[in-house]
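Right, one structure below, let's go through it.
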Amino acid sequence: GASTLATDNYKGGQIAAEHFISKGRKKIAIVNGRPNSVGGFAGNYCARLRLKGFTDALKQRGLSIPVGCNIEVPNYSREDGVVAMPKLIDIGVDAIFCAAADNSAVGLLSVAKARGIRIPEDIAIIGFDDLPIAQLSTPTLTTIRQPMKEIVEAAFKMATIQRDEILINPKKVLFK
């Protein structure tokens, strides 16, 4: 009964997988939030959608996430990426979808740089959000863009101009 504004997280996962597949990547990992409930804490709905879109796109091409290559992180932070990257390097992945946001992806990049791993030649990385840090990282981070300006404008419009209307008839808006 509430109005919602959201990015199409499922499609974002699909886009990342399809890009890696188009570049010939085969051992593809995901660093994601926690999609399922753990220890009394609710799972993250956006993480669940990103994972589903990603795995569905891989499955359509006969691929899957290799064992040990679906890493769940708690905070969507740079530190989460720093902790996750050594495990993925040891497994030998050639691509990582960092669905846990650009901050975590920057952590992945920093470990790769410190170890002399070339991005994207050795390991390709895609983040999620298109935060300003994606443009400031070295190398520049490829990322799935959330249209934050449009989301904020729509939320403001719903809360002010459409307030009475949406209380009677809630809206669900999904951004591409």
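The values are calculated or read from the model by the stated rules, or taken from the named source; none is laboratory data. Keep in mind that this is a model prediction, so the values were computed, not measured. Areas reflect the complete protein model, heavy atoms only, side chains present, ligands, DNA and RNA absent. Shrake-Rupley method; radii C 1.70, N 1.55, O 1.52, S 1.80 Å.
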One finds the C-alpha centres of region 103-169 and region 1-36 to be spaced, in Å, by 12
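For the chain, what is the accessible area per residue in Å², given a 1.4 Å probe and the full set of protein chains? Could the numbers behind the result be given before it?
Numbers: 9590 Å² over 176 residues.
In whole numbers, the chain has 54 Å² accessible per residue.
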The percentage of the accessible area of region 45-120 (probe 1.4 Å, all protein chains present) made up of carbon and sulfur atoms, to the nearest whole number, is 54
Once amide hydrogens are built 1.01 Å from N within the peptide plane, the residues lying 5 or more places from Phe175 or on another chain with amide H under 5 Å from its amide H are Ala6, Thr7, Asp8
Region 127-176 -> Rg/Rh from Cα coords, Kirkwood Rh, value 1.20
Calc'd 3J(HN,Hα), region 139-149, phi into Karplus 6.51 cos²θ - 1.76 cosθ + 1.60 (θ = phi - 60°), Hz, glycine/Pro = x, comes to x, 4, 7, 6, 8, 7, 8, 8, x, 4, 4
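Please compute the contact order of region 7-103 in relative form: average sequence separation of alpha-carbon pairs under 8 Å and at least six residues apart, divided by the residue count, as a percent. Could you put the intermediate results ahead of the total?
On the way: 156 pairs, mean separation 40.0, N = 97.
Averaging sequence separation for qualifying contacts and normalising by length gives 41 percent for region 7-103.
Hey, any idea what Rg/Rh is for region 1-96, computing Rh the Kirkwood way over Cα pairs? Could the numbers behind the result be given before it?
Details: Rg = 14.0 Å, Rh = 14.1 Å.
Rounded to two decimals, Rg over Rh is 0.99.
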Among Lys27/Lys113; Lys52/Lys176; Lys52/Lys171; Lys11/Lys59; Lys52/Lys172, the pairs whose Cα-Cα distance exceeds 18 Å are Lys27/Lys113; Lys52/Lys171; Lys52/Lys172
Note to self: Kirkwood Rh of region 84-176, Cα pairs, one decimal, Å, is 15.2
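What 222 nm value per residue comes from the helices of the chain, counting each DSSP H run with n ≥ 4 as -39,500 (n - 2.57) and dividing by all residues, nearest 500 deg cm²/dmol? Can you show the working numbers first?
Values: 7 runs with 79 residues, N = 176.
Mean residue ellipticity at 222 nm (helix-derived): -13500 deg cm²/dmol.
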Mean-square fluctuation maximum in Gaussian network of the chain, Cα pairs under 10 Å, restricted to Glu18, Glu79, Glu150, hits Glu150
When the chain is treated as a Gaussian network with springs between alpha carbons less than 10 Å apart, the largest mean-square fluctuation among Arg50, Arg145, Arg115 is found at Arg115
